[in-house]
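These notes are about the structure you will find just below.
The values are calculated or read from the model by the stated rules, or taken from the named source; none is laboratory data. What you see is a predicted model; the values in this text were computed from it and never measured. All Cβ positions, even for glycine, are placed from backbone atoms using ideal geometry, and neighbour counts span all protein chains on display.
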Amino acid sequence: MLHQRLLIGAVLLAGTGIAQAEDNVRVGEVRSIGSGATLTAIDRGYFKDQGIKVELDAIDSSANAFALLAQNRYQVVEGGLSAGFFNALDKGLPIIAVADRASSPLYHNLMVRSDLKDTIKSIKDLEGKVIASNGPGSISTYEIDKILQQGGLGLKDVEIKVVPFTQMALALNNKAVDAALAIPPFSYQIRDGGFGIMFANPDDYVRPAPTALSVNSVNTEWAKQNPDLVRRYYIAYQHGVRDYCQAFHNGPNRKEMIDLLVRSGTEKRPEMLNDYGWPSRDPLGRINIDSALDIAAWYVANKFAGAVPPRERIADLSYIDYANAKLGPFVLENKDSTSKGCR
């Protein structure tokens, strides 16, 4: 009888609309178009449906956030596979990648200054030139190196100049650099402003492919202590990822996704989201471990990281496997889409 009263009481309490306790998860995220997956999972109530409240912080760089992740000040971090990630693994810190966040096609481009278009016609012509990258130990510099290798060159044959993405158009215009590895929307701004021409797409040169550019990582100690919470988190997260991929392919939710990205301040110009391609990602969250290992080897060879980690130390895909089993197959709504990626 007591058990029945408690059960009835619980049902009545739920019926009153009194908010039930939610599990808090603090997430650090490098803001990008790909942020739409997490934002829509919050906006559409996918996390709430799983009894989770997400505290979402915008961070400048995943490299700094991995230390906070290891301290459990963040439980989840979304950002690039920086040298900081591999150095954290080398130190045995309690972090691991769980899901893909961005992978090729990425719509990055090595752009050549407009006035040099008749001078730089092949990769070999980049020898001795000044090339802008957003960081010496960044994925951008990794992509530049991969392109140079196809022309029989290497980083030693060019001068890498660190320039923020936001300043690359100015650097090209002022002739401070000869070329720049730019990402959307800056690559389109450079092209449309007449500051540079699209010269080489890293997706054509970087192998193994797809490139594992950015991942979703967790604190492993937190995950071990809260396995059910982590599984519920990734059911909601992967639901948002699938919505992102539907919008990527011009599905019926594309306008809603664009409005959300603009409303959140991720991108202030809706025309950039309407007119140009978005970074791809795997709708099932799969990470190309071969690509991650190649990136790690590049960091080690260029002395940005200490050691290449074992394959099993990079990622634990069990949480997204569980989520995908619950969510079922990913079915593209816009059957006529010819866009590569997000499939």
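Select, from 230, 215, 241, the only residue that is under 29 Å from residue 86 (Cα atoms) and outside any helix (DSSP H, G or I). Break it down stepwise before answering.
Numbers: 230 fails: outside any helix (DSSP H, G or I); 241 fails: outside any helix (DSSP H, G or I).
The conditions single out 215.
Please tell me if residue 201 is buried (at least 23 other Cβ atoms within 10 Å of the Cβ) and within 23 Å of the chain's Cα centre (by Cα).
Numbers: buried (at least 23 other Cβ atoms within 10 Å of the Cβ): no; within 23 Å of the chain's Cα centre (by Cα): yes.
Judged against the criteria, residue 201 is not a match.
If a residue must be under 16 Å from residue 43 (Cβ atoms) and either of a type in the set (Ser, Thr, Tyr) or exposed (fewer than 14 other Cβ atoms within 10 Å of the Cβ) (or both), how many such residues does the stretch 260-274 contain?
Counting residues in the stretch 260-274 that are under 16 Å from residue 43 (Cβ atoms) and either of a type in the set (Ser, Thr, Tyr) or exposed (fewer than 14 other Cβ atoms within 10 Å of the Cβ) (or both) gives 4.
The rows are residues; the columns are (1) without any contact (Cβ under 8 Å) to a residue 24 or more places away in the chain; (2) assigned to a helix (DSSP H, G or I).
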| position | (1), (2) |
| --- | --- |
| 278 | no, no |
| 281 | no, no |
| 286 | no, no |
| 292 | no, yes |
| 306 | no, no |
| 319 | no, yes |
| 322 | no, yes |
| 331 | yes, no |
| 340 | no, no |
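Can you name every residue in the stretch 109-168 that is of a type in the set (D, E, K, R), touching a Leu at 6+ places or on another chain (Cβ under 9 Å), within 17 Å of residue 182 (Cα to Cα) and not in a helix (DSSP H, G or I)?
Selection gives 113, 129.
Which of the residues that make up the stretch 99-124 are in contact with a strand residue (DSSP E or B) (Cβ under 7 Å, 6 or more places away or on another chain), among the charged types (D, E, K, R) and within 21 Å of residue 189 (Cα to Cα)?
Within the stretch 99-124, 113, 117 meet the criteria.
Could you tell me which numbered condition residue 87 fails, if it satisfies all but one of (1) in a helix (DSSP H, G or I); (2) in contact with a helix residue (DSSP H, G or I) (Cβ under 6 Å, 6 or more places away or on another chain); (3) not aromatic (Phe, Trp, Tyr)?
Of (1) in a helix (DSSP H, G or I); (2) in contact with a helix residue (DSSP H, G or I) (Cβ under 6 Å, 6 or more places away or on another chain); (3) not aromatic (Phe, Trp, Tyr), only one is false for residue 87: (2).
Here is a check on your reading of the model: is residue 95 at pLDDT below 95 and under 30 Å from residue 208 (Cα atoms)?
Answer is no for this residue.
So is residue 26 under 30 Å from residue 134 (Cα atoms), modelled with pLDDT of 95 or more and either in the same structural domain as residue 143 (by TED's automatic domain parsing) or surrounded by fewer than 22 Cβ atoms within 10 Å (Cβ to Cβ) (or both) or not? Walk me through it before giving the result.
Working: under 30 Å from residue 134 (Cα atoms): yes; modelled with pLDDT of 95 or more: yes; either in the same structural domain as residue 143 (by TED's automatic domain parsing) or surrounded by fewer than 22 Cβ atoms within 10 Å (Cβ to Cβ) (or both): yes.
Answer is yes for this residue.
Out of 290, 282, I need the residue that is of a type in the set (D, E, K, R), touching an Asp or Glu at 6+ places or on another chain (Cβ under 8 Å), under 30 Å from residue 123 (Cβ atoms) and modelled with pLDDT of 95 or more. Which one? Walk me through it before giving the result.
Details: 290 fails: touching an Asp or Glu at 6+ places or on another chain (Cβ under 8 Å).
Result: 282 is the single residue among 290, 282 that is of a type in the set (D, E, K, R), touching an Asp or Glu at 6+ places or on another chain (Cβ under 8 Å), under 30 Å from residue 123 (Cβ atoms) and modelled with pLDDT of 95 or more.
When residues of the stretch 195-212 are filtered for being among the hydrophobic types (A, V, I, L, M, F, W, C) and in a helix (DSSP H, G or I), how many remain? Can you show your working first?
The initial filter retains those residues of the stretch 195-212 that are among the hydrophobic types (A, V, I, L, M, F, W, C), namely 195, 197-200, 206, 209, 212.
Then drop every residue that is not in a helix (DSSP H, G or I), which leaves none.
Of the residues in that region, 0 qualify.
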